[in-house]
1. Between residues in the stretch 305-333 that are without any contact (Cβ under 8 Å) to a residue 12 or more places away in the chain and residues that are part of a helix (DSSP H, G or I), which pairs lie under 6 Å by C-beta distance while being six or more apart or on different chains?
2. Applying the selection to the stretch 416-429, what residues are part of a helix (DSSP H, G or I) and either touching a residue at least 12 places away in the same chain (Cβ under 8 Å) or open to solvent by 40 Å² or more (accessible area, probe 1.4 Å) (or both)?
3. From the list G207, G242, which one is out of contact with any strand residue (DSSP E or B) (no Cβ under 6 Å at 6 or more places or on another chain) and open to solvent by less than 10 Å² (accessible area, probe 1.4 Å)?
4. For the stretch 234-278, name all the residues that are over 18 Å from S218 (Cα atoms), in a strand (DSSP E or B) and β-branched (V, I, T).
5. State all residues of the stretch 412-442 that are of a type outside the set (A, V, I, L, M) and more than 27 Å from the chain's Cα centre (by Cα); if no residue qualifies, say none.
6. If you scan the stretch 255-285, which residues turn out to be open to solvent by 10 Å² or more (accessible area, probe 1.4 Å) and more than 23 Å from K198 (Cα to Cα)?
7. Whether any residue in the stretch 442-457 is within 19 Å of S225 (Cβ to Cβ), open to solvent by 40 Å² or more (accessible area, probe 1.4 Å) and touching a Ser or Thr at 6+ places or on another chain (Cβ under 8 Å) is what I want to check.
8. What single numbered condition from (1) closer than 16 Å to F375 by Cβ; (2) open to solvent by 20 Å² or more (accessible area, probe 1.4 Å); (3) among the β-branched types (V, I, T) fails to hold for I433?
Amino acid sequence: MQSHNLLPISNPSSPPSMIIPSSSSSSAITDTMLLRSDPHISSSSTILLVQDDNDDVDGNSKIETKPLLSRAFSYTSSSSSSSSSFVKQQQRRRRIASESSLLSGGVEGYRQDMGRAASDTYIVTRLSFTLLRYLGVGYRWIVRFLALGCYAVLLIPGFVQVGYYYFHSSQVRRGIVYGDQPRNRLDLYLPKNMNGPKPVVAFVTGGAWIIGYKAWGSLLGQQLSERDIIVACIDYRNFPQGTISDMVKDASQGISFVCNNIAEYGGDPNRIYLMGQSAGAHIATCALLEQAIKEAGAEQRDSWSVSQIKAYFGLSGGYNLLKLVDHFHSRGLYRSIFLSIMEGEQGLRRYSPEVMAQEPNAKNAVSLLPPIVLFHGTADYSIPCDSSKSFADTLKALGVTAECVLYEGKTHTDLFLQDPMRGGIDDMLDDLITMIHGDNSETIRANSTPRKRLVPEFMLKMARSVSPF
């Protein structure tokens with residue numbers, strides 16, 4: 001086996017090839033050194049080859065001319081000191097690599113969390129600009145957009161805490177796929193104590209049919225999961241990505257997924273409740289009524305049944321679009337845009353649950369509906385509380401078990417944001433827990449963590465005064 005010692009030397013003035021004999025009285029071995037240039041080495045370096053006498057000097061052996069050190073390395077002192085420096089450098093690199101590997105697991109998880117946060121931030125930003133693009137940028141909407149910005153800034157202390165919980169809590173399962181369409185995802189909020197099947201709330205978030213997003217339900221999901229209730233926040237396509245029929249279809253698929261798969265996550269399939277807020281309340285009601293109509297007409301239905309829903313809770317929803325279209329127009333959701341969302345004038349009737357429930361051919365379908373409870377604030381100017389009162393009266397007249405619960409002086413966002421962020425007593429949340437847990441509600445409250453304040457009171461009051469909702 002031939003051996004060669006190969007050393008680069010910084011000597012640009014050396015000739016291309018030179019044989020230098022070398023001898024030593026203390027060694028019986030005579031070496032030959034070969035200096036040569038290599039096209040793969042930088043112009044400022046040559047290569048020193050040290051050949052043993054045992055090697056074939058006639059050229060029969062192949063001399064490998066790969067440089068031992070990096071191309072950029074240059075000797076300025078003896079080869080031994082340079083080699084020692086190189087070895088130290090290699091040891092330092094290995095030590096750094098070893099330390100980095102210890103942190104790789106944690107760093108990778110952190111990167112994944114940051115990636116998800118960036119993705120969600122992008123979606124929220126895109127939805128905001130989409131809303132502005134479709135609503136126009138006239139004086140009215142510039143003022144409303146500024147008011148929305150002030151409102152969000154005042155509630156930032158609460159949003160930061162809820163956001164941290166959403167992205168870092170082990171009780172939150174984000175982005176579970178329930179369908180093959182864009183935005184067919186849902187988030188699950190699980191109680192810490194999973195010692196038995198838990199009641200489930202399938203929740204459809206609001207957002208004016210334009211900026212709805214599953215993360216909007218994170219505050220409700222956190223507070224209900226802390227009280228032994230699993231919450232599934234269902235995402236759906238928004239306008240202009242889809243129109244109302246797409247939204248209802250997505251919501252129905254999400255409900256189907258919950259009904260058929262929630263047992264795998266510790267949920268009780270016999271205690272599933274459907275809930276929606278604002279536009280989400282309208283969409284969820286449409287999905288429930290459409291499913292009832294399919295079942296009553298013996299049509300091919302989706303893979304879930306109205307009988308699987310123990311009760312429906314509507315929060316600040318609108319249920320008769322024929323009465324609301326002009327109100328929305330005056331609030332800035334212009335009639336032309338709203339008609340595009342609802343697929344024209346005919347869509348206003350078809351997707352008005354209050355109107356559809358009174359159709360003669362829907363009589364059998366209405367009888368299949370579960371108990372319905374509608375929550376609404378009397379100071380709600382986005383969707384007046386008369387919408388819930390009228391729908392509840394209509395359902396009761398048709399023989400459905402229905403109830404409208406009004407909260408004096410509460411606005412569109414008080415019941416969903418400000419009150420939960422205030423901590424302490426929350427009337428709407430307490431009513432909801434009582435209806436779900438029944439006789440066990442007091443025990444659940446006693447064993448639950450007290451609701452803590454997320455935002456100072458003066459900031460909540462200021463946010464309420466500037467809220468564009």
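The values are calculated or read from the model by the stated rules, or taken from the named source; none is laboratory data. What you see is a predicted model; the values in this text were computed from it and never measured. Reconstructed Cβ throughout: ideal geometry from the backbone, glycine too, with neighbour counts over all protein chains shown. Note: accessible area is taken over every heavy atom of the protein model, side chains too, but ligands, DNA and RNA are not part of it. Shrake-Rupley method; radii C 1.70, N 1.55, O 1.52, S 1.80 Å.
1. Cβ pairs passing all conditions: F328/F338; H329/R335.
2. Once the filter is applied, which keeps residues that are part of a helix (DSSP H, G or I) and either touching a residue at least 12 places away in the same chain (Cβ under 8 Å) or open to solvent by 40 Å² or more (accessible area, probe 1.4 Å) (or both), the stretch 416-429 yields F416, L417, Q418, P420, M421, R422, D427, M428, L429.
3. Being out of contact with any strand residue (DSSP E or B) (no Cβ under 6 Å at 6 or more places or on another chain) and open to solvent by less than 10 Å² (accessible area, probe 1.4 Å) holds for just one of G207, G242, which is G242.
4. Once the filter is applied, which keeps residues that are over 18 Å from S218 (Cα atoms), in a strand (DSSP E or B) and β-branched (V, I, T), the stretch 234-278 yields only I272.
5. Of everything in the stretch 412-442, those that are of a type outside the set (A, V, I, L, M) and more than 27 Å from the chain's Cα centre (by Cα) turn out to be G424, D427, D430, D431, T434, H437, G438, D439, N440, S441, E442.
6. S278
7. No; the residues of the stretch 442-457 include none that is within 19 Å of S225 (Cβ to Cβ), open to solvent by 40 Å² or more (accessible area, probe 1.4 Å) and touching a Ser or Thr at 6+ places or on another chain (Cβ under 8 Å).
8. (2)
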